[in-house]
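The values are calculated or read from the model by the stated rules, or taken from the named source; none is laboratory data. Computed from a predicted model, the values in this text were never measured in an experiment. We place every Cβ from the backbone using ideal geometry, glycine too, and count neighbours over all the protein chains shown. Keep in mind that these areas ignore ligands, DNA and RNA; they rest on the heavy atoms of the full protein, side chains included. Shrake-Rupley method; radii C 1.70, N 1.55, O 1.52, S 1.80 Å.
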Amino acid sequence: MDLRQAFKLYKLISKNQRLAEKRHPMFEKNRTMKYFTYIMAAFWACYLIFFGCLFGSVLRDESREACDIINSGFIVFLILDFVLRFAFQETPAQEVKPYKLLPVPTNFLMDVFLLRIGLKSYNLIWLFFFVPFGVLTVALLPYFGWGAFVGYMLGVWLMFVLNGYWYLLWRTLINRHFIYVLLPVAVYAALIVCGMVIQSWMSDGSMRFMRGFIEWNPLCVLAVIAAIGVMFFFNRSLQKYFLYFEIAKAERVKSVRSNEMSYLNRFGVIGEYLKLEIKSVVRNNVVRKQFIIGLVCTVMLSFLCAFTPAYDSGFEHVFICVYCFAAQGVIMLTNVMGVEGNYIDGLMSRKESVLSLLKAKYYFHSGMMLVPMLIMIAPAVTGKFSIIELLGCMCFTPGCIFPFLFILAIYNNTTLDLMNKMTQRPSNTKAQLLASFAALFVPMGIMYALIMVFSTNVAGFLILALGVIGVVTNPLWLKIIYKHFMIHRYENMSSFRATR
């Protein structure tokens, strides 16, 4: 295959990927969500621009060069970028499947999809921060100038491209087994610990390396390009190895033992549905991804709140307290009944099985409140939150936030593909969007109003009481949701079948 043919095929594959999104049956239904996504992307771009200008203005008055201060902590940007990619970037092995029917070499297909990952616009997101920052701290300074600014932006972009391939390597392994997530965590933890113990080793090395891009040092540029090439080669080999599993769906299924989760047998039908919820999180790619994203958001925000001055007072204080408990539930319950759309006919064949399923879901996600409670011990120890606030939010979430989300069981009628990763399209509708906002911001507004009227401890006791009332009355409002679900059951079943 000559170079001209390769370029034409690259353009054709790129065109096919764009058309696949437009021709997806959920495209028209998700128009509202699509516009909302564009608005949120614009908001975060403005947010990064604001912080770029802020850091550029404030750090110019320091004794050190402002760019050197940021460059010494560049690892922080790479860690944040690595974590955020879990929500946006997937592995390319499944996208290759349709093209395996064509007489095109597998190596070329992998090269095309990996090259597209390197050229994706996501790698440019952090430039919304670094461009205004670089203009103020590099381009406008006489001893640097615009040539140094161009080199700096090139270096930043190359570093995030390298970070994208580094992420892809581990994401591919994590998709095979969750235990692999411990390896990048161990790497970043070791870097952070080394940076805290031997600060000069981490900060000085990062500062000098990034300064090399400003000074157009060819060794720095060639080193990053070589590292990208190595990551590209390893990713291609790994993707080829796992391509067979993506095509054949040769997922290894563990044998089910007779005593597996036997402690749930005492709960009867609800216990069986609890087993189903746990197995769904462990085995299904989409559900597991939602669970991991919620857990990562909770951990990241908790430690950000505990060890930084962010979210110390006002509405931000309330926001972080409520969101740490509600994040995982909002992420997973927004598509409630979407997973069950794969076997909705079997559910409807048994009387009251949907009600038992809803109860099991509620108990499972209520039990998951122990996870953010344990994580939030860190900010509680540092004095950011009182124990009564945390207990109040832990009860307030299942008692007053989850009812908003379980109402979506009446209106959700789109089946979630449990195994597809790259071809999965967002299924959020206007009802899901409104319910998610209501589930987060209405309780936050209530809690903030109580804190403004009363003291923090009194507000904590009041939201604790409201949460306990909601938890105790869950059989009542779950039964109401179930009755309305049954009213819409035929319409929903038809839509579930159509979107499988």
Flag for residue 130 being modelled with pLDDT of 80 or more, under 20 Å from the mean Cα position of the chain (by Cα), in a helix (DSSP H, G or I) and surrounded by 16 or more Cβ atoms within 10 Å (Cβ to Cβ): no
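Name every residue in the range 208-247 that is charged (D, E, K, R) and assigned to a helix (DSSP H, G or I), in order of residue number. Give the derivation first.
To start, the set of residues in the range 208-247 that are charged (D, E, K, R) comprises 208, 211, 215, 236, 240, 246.
Across the range 208-247, the qualifying residues are 208, 211, 236, 240, 246.
Rundown of residues vs (1) more than 16 Å from residue 447 (Cβ to Cβ); (2) open to solvent by less than 20 Å² (accessible area, probe 1.4 Å); (3) modelled with pLDDT of 75 or more; (4) among the aliphatic types (A, V, I, L, M), yes/no style:
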residue	(1), (2), (3), (4)
288	yes, no, yes, no
292	yes, no, yes, yes
302	yes, yes, no, no
307	yes, no, no, no
310	yes, no, no, yes
333	yes, yes, yes, yes
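Only one of 343, 363 is at pLDDT below 85, out of contact with any Lys or Arg (no Cβ under 6 Å at 6 or more places or on another chain) and open to solvent by 10 Å² or more (accessible area, probe 1.4 Å). Can you tell me which? Quick ask: steps written out before the conclusion?
Working: 363 fails: at pLDDT below 85.
Only one candidate qualifies: 343.
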In the range 439-461, residue surrounded by the fewest Cβ atoms within 10 Å (Cβ to Cβ) [restricted to those that are in contact (Cβ under 8 Å) with a residue 24 or more places away in the chain and more than 30 Å from the chain's Cα centre (by Cα)]: 457
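Yes or no, residue by residue, for (1) within 20 Å of the chain's Cα centre (by Cα); (2) hydroxyl-bearing (Ser, Thr, Tyr); (3) open to solvent by less than 20 Å² (accessible area, probe 1.4 Å); (4) modelled with pLDDT of 85 or more:
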position	(1), (2), (3), (4)
97	no, no, no, no
113	no, no, yes, no
120	yes, no, no, no
142	no, no, no, no
146	no, no, no, yes
151	no, no, yes, yes
163	yes, no, yes, yes
